[in-house]
Each structure stands twice: as C-alpha cells, then as structure tokens.
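This report concerns only the one structure given below.
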Amino acid sequence: MSSADSAGAERALIELAAASIRDAFEGYNGHFRAITQRARKRFEQNDWQGARSDAVERIELYDRCVAAMGARLSAQLESRAQDKALWAGIRLHHAELIAPLLDQELYKTFYNTLTRRFFGTRGVDPEIEFIALSIEPTDRITHPVARRSYAAIGDLSALFSRVLEDYRFEVDYAQRERCAAALAARIREQLTEFEAPGVRAIELMETVFYRERRAYLVGRVFGETRFAPLVIALVHAEDGIRADALITDRAQVAVLFGYTRSYFHADLATVGDAVVFLRTLLPHKPVDELYTVLGRAKQGKTERYRHFFAHLQRQADESFVHADGERGMVMAVFTLPSYPVVFKLIRDRFAYPKNIARAEVEEKYRLVFHHDRVGRLVDAQQFRHLRFPKAQFAPALLAELLEGCRDTVQADGEDLVFSHCYIERRLRPLNLYLREVAPELARAAIVDYGQSIKDLARSNIFPGDLLLKNFGMSRSGRAIFYDYDELCFVTECRFRALPEARDNDEEMHAGAWFYVADNDVFPEQFPRFLGLSADLHAALMEAHDEIFTVGWWLALQERIRAGALADVAPYPARLRV
C-alpha cells in the first residue's frame, strides 16, 4: 500500500471511530431522555414503584452504553485499539464533529470514559483526553433555556391560575383556583422584602422536574429591583393534582437541588443551558452538583475533577490532612482544608469488631447510589486512578495511606495514584458539632438526628451504626448519614427486646449473656452509646422516643413489606400551601 493510500485508510479509520463515538453518545442520550420522559406518566398514574425502577435503569444506562461502544470500537480498531497516535487523531476529529453543539462537554466526557477504559489511564493523559482545568465549560453557553414568563397584572391569584393552566396533566387539578389563591398568599408571605409594588413577574422553565412523588415548576420571581428563586411543588393527591409547597428561600432551594437527594427526571433537550439558568437561582451551588442532580452523574464527576484539580494547582503549598472526626475502622478519610470535600479510601484490613470484606463495603456504596436518599445520605462519587502530588500530603497522613491502604495507593515517582476512592461533600461530624455550638443549635441538631433516623428507616434504610460520629451536619443544619459500611435494609434486620437476666450471673456478665446474630438489633440500647448530655438526651427522647422501642421498628417493617413507600417531603412543613 502506498503512503497516500495508508494515510487515507488511517483518516477513514479516524473518521469512522470519531463518528461512532458521537453517535453512541447520541444513542445513550436518546435512551436517557426516553426513560426520563416516563416520569410524567408515572406521576399522573401514581406509579411510584415504576418511577423507582426508572431511576435505577437510568443510573445503570451510562455504563451499559459505554461497554457496548467499547466492544464496537475494539472491532473497528482491531490491533490499533491502543494506538495512542491513532486516538490523538480521533480526539481531534471528534472535537470538530461536536464543536457546534451546546452540550459538547457531555460528548467529551463520554469520549474520555472510553479512552480510560481502553488505556487504564492513571491520572490524565492530555495526548488522548479532553482536559481543560482552567475553563468553566458553561461560560460559553449563551443560549437561553426554554421558559415561560408571566407578568403580574392585577391579582396574583389570576397569575398563578394561568401558570397552572399552562402546566396541565392528564389528571385534573383539584380545585385549581383554590390552589392558585393559596400560592398567591404564600408568595406574599415569603417575599415581604420585595419593595412596592411587590411581585412584578415570574418566569418558569418549560420543563417540569420530577422526583419521587412530586413534580416541580422551577424558575424565578421578579420584584422591582431584585429577584428570588421560585419553586412550586405539585403532588398527586386522591382528588387530583394539588400545589403542595411554594419555595422562594434560596437555602431551601439549594437543599432541594442538593447532594443528599436522588436525581431529578427532567426532560431537557440540552443540559448546559439549564445548568446556566439554575446557577442564577443558586450562584453558590457547585456546577458539578447541578449536573449530577439533573441525572448527569458522569458529567458531575468530570466537573468536580476539573474544579478540584484547578483549585489544587492554585493551592500548591497546602497539604492534605486527616479529616476531622474519629479515625474510621474501614475508611481512611482525608481532606484539603480549603476545599469542601473529603476523600475516602478503603483500608486493607479492618479493625475489630468490623466483620466485613472490601467487596461488601463497595456494595454498600452501590446500594446508596441506586437508592432513594431522602435527603439523609450523602452522594458518594466513585473515582479510579486519581493522581496527586506526594509532596502535598502531611507526613502522618502519607505514612498511614502507604501502610494501611496498599491495595489502593501506589507511589509513582513524585506522585500517589489512588486506584479507587470515594469523594463526598465535607460535613461537620455531629459529635464535634454538638460540642462546638450554642445549646439551642445543639438541641435542634439532635432532634434532626432523630428525624434523620426516621426518614432513613421509612425509606427502608437502617444505618447499622447510629453513633453520632457517623452523622454530619450540613450548612443548612440537617443531620446527614455518611458511614455506609454497616448500612442495610430495615427489612433485613431482626429487631429484638433485650432479654431479662434470669439470675445474678447473667445480670453481672461482662458481655451479652444471650445469643446475638449479625442482624439482631436492640433499639432500647441505642441511647446508651450516644454520650449525650442530660439536656440533649431529654430533647431527643421528647421528640423521637419511639425509635428506641422494638414496636416502632416492627410496625415499620410490616408497612414496608406490605408495599408502603416512604414520602419524605424535601422541604419543611412551613413552606406548604
């Protein structure tokens, strides 16, 4: 074959591979949207089990599509499947193909995932990957997201009536005019800071957001000189669709779009313009969390990586250190103090009394990834083959990682490479928080800790270890569980009352004198190990004493086994209409 023929064949192979990767992402994206579009029907039919199945199917879709495309590429490229020079050409041509597209960043992430599967890249490889640490990808997006605008002419009730008329379902609204009047009253109560003449207009994204048992209309409300976020929550009640809540408080909207919630099902033709719009509502919300909560978890990981490593380059003199809190038996946890995440590595060996294997720990994290987190479980993103400068680790931390996490941590020249780790938002451990804050905040926190256990239990999650050190406090004052190695389903537990001792020998026995199986749980023992002051213990018992009784848990198990699904509202009762 002549050199010209050889060059032509290579060009054809590059074009074929680049186009195939583009087409594979578009096939994935079409399937993603098809699943997402089911959400409306699930809401209209009160099909909550179907909605949960859709959520799991959509989460698993990305890896399935990547695996299928990887097999196709292997067949196309044959012996050159790991030819870096060829892949460099594929990357350049792929960039040309997707250059006009608003969501080109999603295409790049899909491409990068494929290269990492083919090459097992440790760190990043700019020769064959798309790398842009210094660029905020949404900055170039000027295309406005599709939305509807409503001028506040006359009565606000009439405005909200028009809104509800525009967002119709196969099921009628129950007392639409009454709902509109209630929304008008609620917005006047919440926006007292809007100077006269008050509300001037509202605008809402055309796309309806669905999650769990609710549909959400998302947008902004404008006054004379300022605006606020606006979210209207809808529920499907026995008599039809009703407005359940109106939210204009930015902190509460941030919780709704937060890292402790399952992902929205919102059918967006393009994603980047929606992220840009949502950032106007939540300017302090990291862009990675917005992509993630929209169901684009891989893009969320890309943006978290991009933002963190750009930050790390600027903080070259700062060291990674142990995260605050008690040393974990299963995980080594560290952080960069100036950045609000923690890194969690599974230890090679677990201290007594932990009786669990590494694979089981990973399975617990997969369970959380797939389950309804009800606002009480932190989203843990799994990363592989991350590379960090060894010099940026504090000596004590470095020694611990190299000694206790050898299966995960490898020294590579001047770097450390982590073959596997989880990254989560950093929370203040509850046991430390209670010591540091004023008494009224401590009481509110311990009461919310009890509510957290209830919320998790109603979603069929038992934390396993209820010690305060395994919960953290978010900036919004919510107790969040983050230690998953003993987590299990409520329906897998055997809740028991403590047997009464039959004689002095049993009464004075140093340990349990009765048989205890791995899944046995004794709720009345919970408070003994919390180490609470008398005041905090009293506050917890006054608000949630039932969670320390066997009967409450047994009754809950019966309801879950009968098919009852939790409905944990993602906003406080005071916001309901």
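Overview of results
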| read-out | value |
| --- | --- |
| Peptides ranked, highest mean first, by Cβ atoms within 10 Å: ranges 456-463, 157-164, 437-444 | 456-463, 157-164, 437-444 |
| Cα gyration tensor category, rounded, prolate or oblate, for segment 53-118 with a/c compared to 1.5 | oblate |
| Rounded percent of accessible protein surface that carbon and sulfur make up, the chain, 1.4 Å probe | 51 percent |
| Globularity index of segment 218-295, i.e. its alpha-carbon radius of gyration over 2.2 N^0.38 Å | 1.17 |
| Rounded accessible area per residue of segment 47-152, 1.4 Å, Å² | 47 Å² |
| Between segment 103-176 and segment 319-338, the alpha-carbon center distance in angstrom | 34 Å |
| Distance histogram in 5 Å bins (all Cα pairs of segment 26-66, percent per bin) | 6, 25, 32, 19, 12, 6, 0 |
| Accessible solvent surface per residue of segment 196-344, calculated while the other protein chains remain in place, 1.4 angstrom probe, Å² | 33 Å² |
| Span per principal axis, largest first, for the Cα atoms of segment 308-427 (Å) | 38, 30, 26 |
| Overall dimensions of segment 363-488 by Cα: Rg and Dmax, Å | 17.0, 51 |
| Helix-only CD estimate at 222 nm, as mean residue ellipticity for the chain, using -39500 (n - 2.57) per DSSP H run (n ≥ 4) | -14000 deg cm²/dmol |
| Inverse mean reciprocal Cα-Cα distance (Kirkwood Rh) of segment 1-93, Å | 15.6 Å |
| For the chain: span of alpha carbons on each principal axis (Å, largest first) | 95, 70, 47 |
| Relative packing of peptides 58-67, 349-358 - highest average C-beta neighbours within 10 Å first | 58-67, 349-358 |
| Projected area, mean over directions - segment 292-346, Cα convex hull, nm² | 4.7 nm² |
| Chain lengthening between residue 366 and residue 46 when straightened (0.36 nm per residue, less Cα-Cα) | 112.5 nm |
| Residue 526-residue 148 pseudo-label distance in nm [points 7 Å out on the Cα-to-Cβ vector] | 4.4 nm |
| Inter-label distance for residue 545 and residue 518, nm, one decimal - labels placed 7 Å from Cα along Cα-to-Cβ | 3.6 nm |
| Cross-link table 364/454; 301/364; 301/390; 298/344; 108/390; 285/390, entries beyond 27 Å C-alpha to C-alpha | 108/390; 285/390 |
| Translational diffusion coefficient (Stokes-Einstein; Kirkwood radius from C-alpha pairs) of segment 187-248 at 20 °C, 1.002 mPa s, in µm²/s | 171 µm²/s |
| In Å, descending, principal axis extents of the Cα set of segment 132-243 | 52, 37, 19 |
| Segment 263-308: radius of gyration and largest Cα-Cα distance (Dmax), Å | 9.9, 29 |
| In nm, spacing of pseudo-spin labels at residue 67 and residue 177 (7 Å Cα→C-beta vector) | 5.7 nm |
| Rule-of-thumb Rg ratio for segment 254-366 [Cα; 2.2 N^0.38 Å; N residues] | 1.30 |
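The values are calculated or read from the model by the stated rules, or taken from the named source; none is laboratory data. It should be emphasised that the depicted structure is a prediction, and the values quoted were computed from it without experimental measurement. Cβ: placed from backbone, ideal geometry, glycine included. Neighbour counts: every protein chain shown. What goes into the accessible areas is simple: the full protein's heavy atoms, side chains included, and nothing from ligands, DNA or RNA. Shrake-Rupley method; radii C 1.70, N 1.55, O 1.52, S 1.80 Å.
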